[in-house]
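Chemist: Mind looking over this structure? Questions follow.
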Amino acid sequence: MQIRLGIVGFGFMGHCDADMIATFPDEEIKLAAVADIVPSQMEDAPEGVETYNSIEEMLEKADINTVMISTPNPSHLEMVEKAAAAGKHIICEKPAAMSVSQFDRMVEVTKKAGVLFTIHQQRRFDPDYNVMKSVYDQGLVGKPYVIKSQLYGFNGNMHDWHVFPEMGGGMLYDWGVHLIDQILNMVDAPLVSLYADLRNIINRDVDDYFNILMKFGNDITAEIELGTYYLTPKRGWFLGGDKGSAYIDGWDCEGKIVRTTRLLTNVPGKITMTAAGPTRSFGPAAPGLLTEEELPSVNVSHRNYFEHFIKAFNGEEELFVKPHQVRRVLCVMDAVRESARTGEAIKLEV
Ligand SMILES: NC(=O)c1ccc[n+]([C@@H]2O[C@H](COP(=O)([O-])OP(=O)(O)OC[C@H]3O[C@@H](n4cnc5c(N)ncnc54)[C@H](O)[C@@H]3O)[C@@H](O)[C@H]2O)c1
């Protein structure tokens, strides 16, 4: 059956979503309408796509069965309530909601209406993440004990609504959703505790730096660090296990799996003189002690998100991003804020 989509909120992400939908055959998914309270936003709406000045008008008049919500964060609950009441299936932009309780209300209304409800957490299809997930899933470094996900940028001055707390601004609500979602979907164990630092480094009212230490029930520690004002841009991953290490440096998945040819316990304690003095553990490795292997390759893209939604819409599979997984991310974000406020580690069971 054809998905006839209406996008509400035709700003930056509404346009990105429309461009992505246009890559699919019309018989699978077709953008039929867009709605925005600022008419000029829709001046470049694709030919043949109807335009409306409100979600109410679109829900009443457009021939659509699914709504994609791309309006600012605080309006998501209201949009979900209206679309569900009209019996439309729903894809909502992240962050799904401003709080766990708002999200619970969304789940309640969409369940009652019997419609599909999912969130656009499409960075589960980022190539770098999937390379690391593949290393993890295949046990390529043995039993993992640490995962690091690092995102450093140079644009500390965030823009538009991103600088207003009441609009759901700040980096935790923004990239935080994706980075937390990735880790929760990699590690196959409950999250049992968390410690976080959340700061406004150069933004007055919203967070622009965070460091989250997550301890999982299988004894893996994951660290997510994001800094918009690092001035040393980087997308990095590190996965340490008892049979090797894997790293990625950069969006293009540059990296390697590294192993030792001999266990370090069998290496004589050779003293290396460094600029900082002698060391027996942290000098350069002796020739031949380390070997490198290629990382697995993956074939993923954000288009996969919609491919899965089309299948779920047609009853061929479950939703790829499930409401209980989204709720877990929101619970972690609450715990991050609490830990940063109290300076304490937070016990969790999610
Ligand atoms: N999935 C992702 O990777 C990703 C990336 C960027 C943004 N987003 C999310 O997309 C959403 C929109 O962000 P953006 O950067 O596109 O914002 P934006 O400001 O560029 O666009 C928002 C649009 O919504 C319209 N709007 C506001 N209130 C409305 C209402 N009541 N009814 C109809 N239209 C309304 C605005 O006029 C504007 O055109 C946010 O929730 C954001 O977090 C997701």
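The values are calculated or read from the model by the stated rules, or taken from the named source; none is laboratory data. Fair warning: this is a prediction, and the values are worked out from it, not measured in the lab. With ideal geometry, Cβ positions are generated from the backbone for all residues, glycine too; neighbour counts draw on all protein chains shown.
Chemist: Can we say H178 is within 16 Å of the ligand (Cβ to nearest atom) and touching a Lys or Arg at 6+ places or on another chain (Cβ under 6 Å)?
Modeler: yes
Residues are listed down the side, and each one gets a yes or a no for (1) under 20 Å from K94 (Cβ atoms); (2) under 16 Å from the mean Cα position of the chain (by Cα):
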| residue | (1), (2) |
| --- | --- |
| E166 | yes, no |
| L172 | yes, yes |
| Q182 | yes, yes |
| L198 | yes, no |
| G240 | no, no |
| L263 | no, no |
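So that you can scan it fast, the table gives a plain yes or no per residue for (1) away from the ligand (no atom under 11 Å from the Cβ); (2) hydrophobic (A, V, I, L, M, F, W, C); (3) in contact with a Leu (Cβ under 7 Å, 6 or more places away or on another chain):
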site: E28; (1), (2), (3): yes, no, no
site: A35; (1), (2), (3): no, yes, no
site: M42; (1), (2), (3): no, yes, no
site: A45; (1), (2), (3): yes, yes, no
site: Y52; (1), (2), (3): no, no, no
site: A62; (1), (2), (3): yes, yes, no
site: I69; (1), (2), (3): no, yes, no
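Chemist: Suppose the filter is surrounded by 15 or more Cβ atoms within 10 Å (Cβ to Cβ) and not in a helix (DSSP H, G or I); does F10 pass it?
Modeler: When the stated conditions are applied, F10 passes them.
Chemist: Quick one: Y173 ticks every box in (1) buried (at least 17 other Cβ atoms within 10 Å of the Cβ); (2) more than 22 Å from M98 (Cα to Cα); (3) not charged (D, E, K, R) bar one, so which box is it?
Modeler: So Y173 meets the others, but not (2).
Chemist: Filter segment 107-146 for residues that are more than 20 Å from the chain's Cα centre (by Cα) and in the same structural domain as K215 (by TED's automatic domain parsing) and give the result.
Modeler: Result: Q138, G139, L140, V141, G142, K143, P144, Y145.
Chemist: Sticking with this one: How many of the residues in segment 71-84 are within 8 Å of the ligand (Cβ to nearest atom), in contact with an Asp or Glu (Cβ under 9 Å, 6 or more places away or on another chain) and within 23 Å of A312 (Cα to Cα)?
Modeler: Residues meeting the conditions: 1.
Chemist: Next question, about the same structure. Just checking, which of T221, T232 is under 30 Å from T118 (Cα atoms) and in the same structural domain as E344 (by TED's automatic domain parsing)?
Modeler: None of the others qualify; the one that does is T221.
Chemist: Read through the list (1) crowded, with 20+ Cβ neighbours inside 10 Å; (2) within 11 Å of the ligand (Cβ to nearest atom); (3) more than 28 Å from E292 (Cβ to Cβ), then give the number of the only condition that I90 fails.
Modeler: With (1) crowded, with 20+ Cβ neighbours inside 10 Å; (2) within 11 Å of the ligand (Cβ to nearest atom); (3) more than 28 Å from E292 (Cβ to Cβ) applied to I90, the lone miss is (2).
Chemist: Pairs only if they're at least six apart or on different chains, beta carbon under 8 angstrom, first in segment 129-143 and over 11 Å from V298 (Cβ atoms), second part of a helix (DSSP H, G or I); list them, first residue then second.
Modeler: Y136/M186; L140/S134; V141/V135
Chemist: Which condition number in (1) of a type in the set (G, A, S); (2) within 16 Å of the ligand (Cβ to nearest atom); (3) modelled with pLDDT under 95; (4) at negative phi is the one that G156 fails?
Modeler: (2)
Chemist: Can T342 be described as within 30 Å of D242 (Cβ to Cβ), surrounded by fewer than 17 Cβ atoms within 10 Å (Cβ to Cβ) and either in contact with a helix residue (DSSP H, G or I) (Cβ under 9 Å, 6 or more places away or on another chain) or not assigned by TED's automatic domain parsing to the domain that holds M68 (or both)?
Modeler: no
Chemist: Same structure again: Using the structure shown, decide if F117 is modelled with pLDDT under 95 and closer than 27 Å to C16 by Cα.
Modeler: Here the answer is no, as F117 does not meet what is asked.
Chemist: If I ask for residues that are part of a loop (DSSP other than H, G, I, E, B) and among the aliphatic types (A, V, I, L, M), which ones from segment 145-200 would you list?
Modeler: Hits for segment 145-200 are M158, M171, V187, A189.
Chemist: What number of residues in segment 228-248 are assigned to a loop (DSSP other than H, G, I, E, B) and either of a type outside the set (D, E) or crowded, with 17+ Cβ neighbours inside 10 Å (or both)?
Modeler: Residues flagged as assigned to a loop (DSSP other than H, G, I, E, B) and either of a type outside the set (D, E) or crowded, with 17+ Cβ neighbours inside 10 Å (or both) within segment 228-248 amount to 7.
Chemist: Within segment 176-196, count every residue that is in contact with a strand residue (DSSP E or B) (Cβ under 6 Å, 6 or more places away or on another chain) and surrounded by 15 or more Cβ atoms within 10 Å (Cβ to Cβ).
Modeler: Within segment 176-196, residues that are in contact with a strand residue (DSSP E or B) (Cβ under 6 Å, 6 or more places away or on another chain) and surrounded by 15 or more Cβ atoms within 10 Å (Cβ to Cβ) number 9.
Chemist: For segment 13-45: of the residues being acidic (D, E) and part of a loop (DSSP other than H, G, I, E, B), which is surrounded by the most Cβ atoms within 10 Å (Cβ to Cβ)?
Modeler: Out of the qualifying residues, it is D36.
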